[in-house]
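*Asks:* Here it is, the structure, as structure tokens.
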Amino acid sequence: MRYDNITTGRFIDRPNRFIAHVEIDGRVETVHVKNTGRCRELLVPGAFVYLTEPGTPGRKTRYDLVAVRKGNGILFNIDSQAPNKVVREWLSTQGYDRVTPEYRYGDSRLDFYMERGRERYLMEVKGCTLEIDGIGYFPDAPTERGVKHLRELIRARLEGYHAIAAFVIQMDGVTEVRPNIKTHPEFGRVMREAEEAGVEILPLTCHVEPDELLII
């Protein structure tokens, strides 16, 4: 997936989950942050950030912050909408007969339902933006919704579906995602239960550019 109109800036601060102040060409802009997670190790004063300019009429902010370069030089895509978009592109190349996004199952709306012949698949997609010593971790903040989705995948597996929890690694050089049990122990426990039940835990490695996210 690609972005148009990429602009480079320097991160200043983040007053709340939804907005940040960024210096662009010597002026300070209030921008929309397309990720409500903490991103504390990424959004630090002085970090290079990359923004798009959607041009949507009536917006309060001119730019969306979609990527940031960490102090170690690694570029991170932090757009929380990007994982589903890039997975949809990727699934179209995987030989499925049918791919349906936003599929109602049980009490949840899972990200994708797929068919290949008589086989049925359900997939939930999560974006991984937390990296520690070359390992990806999820989540970076407690997620009861994530726990609920894992439980739905366990149920689906028991009902005969191929159930997949896909983690889009929104950075280069990381191939493994582990549960962040320090931040959310319950998520780690349920993820282990899901693996034991036969849910596939699928890390999707990516290449990131300021204007691109690509599953490789």
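The values are calculated or read from the model by the stated rules, or taken from the named source; none is laboratory data. The structure displayed is predicted, hence computed values, not measured ones. Virtual Cβ from ideal backbone geometry, glycine too; neighbours counted across all protein chains shown.
*Asks:* Ala141 is checked against (1) under 14 Å from the mean Cα position of the chain (by Cα); (2) more than 26 Å from Ile78 (Cα to Cα) and fails just one. What number does that condition carry?
*Replies:* (2)
The rows are residues; the columns are (1) of a type in the set (A, V, I, L, M); (2) assigned to a loop (DSSP other than H, G, I, E, B); (3) in contact (Cβ under 8 Å) with a residue 40 or more places away in the chain.
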site: Glu29; (1), (2), (3): no, no, no
site: His32; (1), (2), (3): no, no, no
site: Arg38; (1), (2), (3): no, yes, yes
site: Val44; (1), (2), (3): yes, yes, no
site: Leu51; (1), (2), (3): yes, no, yes
site: Arg59; (1), (2), (3): no, yes, no
site: Arg62; (1), (2), (3): no, yes, no
site: Val66; (1), (2), (3): yes, no, yes
site: Asn72; (1), (2), (3): no, yes, no
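*Asks:* Being in the same structural domain as Val199 (by TED's automatic domain parsing), buried (at least 19 other Cβ atoms within 10 Å of the Cβ) and among the polar types (S, T, N, Q) narrows it down to one of Thr129, Thr52, so name that one.
*Replies:* None of the other options fit; the residue is Thr129.
*Asks:* Residue check: is Glu124 under 20 Å from Phe187 (Cα atoms), buried (at least 19 other Cβ atoms within 10 Å of the Cβ) and out of contact with any Asp or Glu (no Cβ under 7 Å at 6 or more places or on another chain)?
*Replies:* So Glu124 fails the test.
*Asks:* Please find, among Thr36, Thr93, the residue that is within 18 Å of His207 (Cβ to Cβ) and out of contact with any strand residue (DSSP E or B) (no Cβ under 8 Å at 6 or more places or on another chain).
*Replies:* Step by step, each of Thr36, Thr93 is checked, and only Thr93 is within 18 Å of His207 (Cβ to Cβ) and out of contact with any strand residue (DSSP E or B) (no Cβ under 8 Å at 6 or more places or on another chain).
*Asks:* Can you tell me how many residues within the stretch 171-201 are closer than 25 Å to Arg69 by Cα and of a type in the set (A, V, I, L, M, F, W, C)?
*Replies:* Counting residues in the stretch 171-201 that are closer than 25 Å to Arg69 by Cα and of a type in the set (A, V, I, L, M, F, W, C) gives 3.
*Asks:* State all residues of the stretch 24-39 that are of a type in the set (A, V, I, L, M) and surrounded by 14 or more Cβ atoms within 10 Å (Cβ to Cβ); if no residue qualifies, say none.
*Replies:* The answer is Ile24, Val31, Val33.
*Asks:* In addition: So which of Ile169, Ile135, Ile201, Ile216 is farther than 27 Å from Val33 by Cβ and within 16 Å of the chain's Cα centre (by Cα)?
*Replies:* Sole residue among the options that is farther than 27 Å from Val33 by Cβ and within 16 Å of the chain's Cα centre (by Cα): Ile201.
*Asks:* Could you count how many residues in the stretch 4-23 are part of a loop (DSSP other than H, G, I, E, B) and buried (at least 16 other Cβ atoms within 10 Å of the Cβ)?
*Replies:* Final tally of qualifying residues: 2.
*Asks:* On to the next question. If you go through the stretch 97-130 one residue at a time, how many are touching a Gly at 6+ places or on another chain (Cβ under 8 Å) and charged (D, E, K, R)?
*Replies:* Adding up the residues that qualify gives 4.
*Asks:* Right, another one. Does Arg155 fit the bill of being free of Cβ contacts under 8 Å to residues at least 12 places away in the same chain and outside the structural domain of Cys39 (by TED's automatic domain parsing)?
*Replies:* Judged against the criteria, Arg155 is not a match.
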